[in-house]
Amino acid sequence: MKLVTPLVLLALCSVPVAAQSKLSEWPQHSEDRPRPRVVEPGAVYTVAPPADAIVLFNGTSLDKWTAGSGAPAKWRIVDGAFEVVPGTGTMSTRDSFGDVQMHVEWASPKPAVGTGQDRGNSGVFMADGRYETQVLDSRDNVTYADGQAGALYGQFPPLVNATRAPGEWQTYDIVYHRPRFKADGSLQSAARFTVFLNGVLVQDNMELVGPTANKSRPPFTAHADRLPITLQDHGHRVRYRNVWLRDLEKTP
Ligand code: MG
């Protein structure tokens with residue numbers, strides 16, 4: 001048996017892993033596409049903000065959020081969380097961000113109401129509504145694979161379905177790298193996502209093909225390096241709590 005020296009192992013581990021960007025052959029939103037297998041996540045956990053985190057919601061105040069144009073946030077705080085108030089629209093961070101590590105906890109309504117996309121739908125968007133990590137009640141709820149919880153909406157289904165039951169707190173840990181654009185506005189490098197749902201890897205360094213959208217896949221168009229992060233009002237009383245991020249562009 002040939003032994004691999006630690007030095008060789010180190011070299012192997014340091015080979016950069018290329019981002020993945022290949023879309024499947026399945027049409028967007030295909031109902032026939034096989035659903036990701038179910039993986040029961042471990043016990044509910046939370047992660048307190050580390051020392052260099054920017055805390056976006058600590059249980060008591062929506063000061064870091066706006067309903068748009070600087071207006072106060074319209075969603076409601078309840079039991080240390082905040083809840084979508086249907087019809088009030090998207091909520092955006094007052095500050096703008098580029099590359100981030102983001103932690104956000106969410107819970108879909110209990111009892112569950114509706115089916116498919118009309119059940120516990122919300123979303124975490126980077127770059128002012130452009131790039132959505134889907135929030136959906138995907139527990140015992142059939143919908144198209146690229147639209148369930150943990151999907152990069154309309155492009156990449158989650159690797160597995162690690163969703164918890166309605167009303168239970170779930171965690172997203174998202175690593176996002178913004179797209180880069182050349183001086184002439186053309187794309188230099190695509191937006192990239194790594195996502196954990198309830199501690200389970202669901203997106204592994206995936207490169208988007210453009211903004212996430214319903215029934216379309218538009219191309220990237222140049223935008224500012226730093227933009228607000230938004231949460232979607234899709235008409236369902238989804239709750240969020242313990243929202244924080246680390247600004248990777250200000251971390252040496
Ligand atoms: Mg959504």
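The values are calculated or read from the model by the stated rules, or taken from the named source; none is laboratory data. Everything numeric in this text was worked out from a predicted model, so none of it was measured. Backbone-built Cβ (ideal geometry, glycine too); neighbour counts: all protein chains shown. When the accessible area is computed, the model is the full protein with side chains, heavy atoms only, and any ligands, DNA or RNA have been set aside. Shrake-Rupley method; radii C 1.70, N 1.55, O 1.52, S 1.80 Å.
Here are some notes:
- For segment 141-154, the Karplus equation 6.51 cos²θ - 1.76 cosθ + 1.60, evaluated at θ = phi - 60°, returns couplings of 9, 8, 8, 5, 4, 7, x, 8, 4, x, 6, 8, 3, x Hz by residue, with Gly and Pro reported as x.
- The lysines whose alpha-carbon is closer than 23 Å to the alpha-carbon of Lys250, local same-chain residues fewer than 8 away aside, are Lys64, Lys182.
- Percent carbon-and-sulfur accessible area, the chain, ignoring ligands, DNA and RNA, probe 1.4 Å: 56
- For the chain: relative contact order, % (alpha-carbon pairs under 8 angstrom, 6 or more apart): 29
- Residue by residue, segment 95-102 carries 3J(HN,Hα) couplings of 8, 10, 9, x, 5, 9, 9, 10 Hz when phi is fed to the Karplus relation 6.51 cos²θ - 1.76 cosθ + 1.60 (θ = phi - 60°); x denotes Gly or Pro.
- Of all lysines in the structure, those lying under 21 Å Cα to Cα from Lys215, and not within fewer than 8 positions of it along the same chain, are Lys22.
- Accessible area of Met206 in the full protein assembly, 1.4 Å probe (Å², nearest 10): 20
- Rough spin-label spacing in nm, given labels placed 7 Å along Cα→Cβ, for Lys250 and Glu168: 3.6
- Mean ellipticity per residue at 222 nm, deg cm²/dmol - from DSSP H runs of n ≥ 4 across the chain, formula -39500 (n - 2.57): -1000 deg cm²/dmol
- Gained length - Asp79 relative to Val47, 0.36 nm times residue gap less alpha-carbon distance: 9.7 nm
- For Asn161, the residues whose modelled amide H falls within less than 5 Å of its own, excluding neighbours fewer than 5 places apart on the same chain, are Arg37, Val38, Val39.
- Pairwise label distance in nanometres, Asp225 with Ser24, each label 7 Å out on the Cα-Cβ vector: 3.7
- In the elastic network of the chain, a GNM with C-alpha springs shorter than 10 Å, the most mobile of Thr90, Thr46, Thr212 is Thr46.
- Under 5 Å between amide hydrogens, built in the peptide plane, is the criterion, and for Val135 it picks out Ser122, Gly123, Val124 among residues at least 5 positions away or on other chains.
- In this simple spin-label model, placing a label point 7 Å from the Cα along the Cα-to-Cβ direction at both Asp32 and Ser61 gives a separation of 5.5 nm.
- In order along segment 32-46, the Karplus-derived 3J(HN,Hα) couplings, from 6.51 cos²θ - 1.76 cosθ + 1.60 at θ = phi - 60°, round to 8, 4, x, 7, x, 5, 7, 10, 5, x, x, 4, 4, 9, 9 Hz, and Gly and Pro are given as x.
- When all protein chains stay in place and ligands, DNA and RNA are ignored, the 1.4 Å accessible-area order of Asp233, Asp32, Asp146, largest first, is Asp32, Asp233, Asp146.
- Segment 96-166 and segment 183-252 have Cα centres separated by 12 Å.
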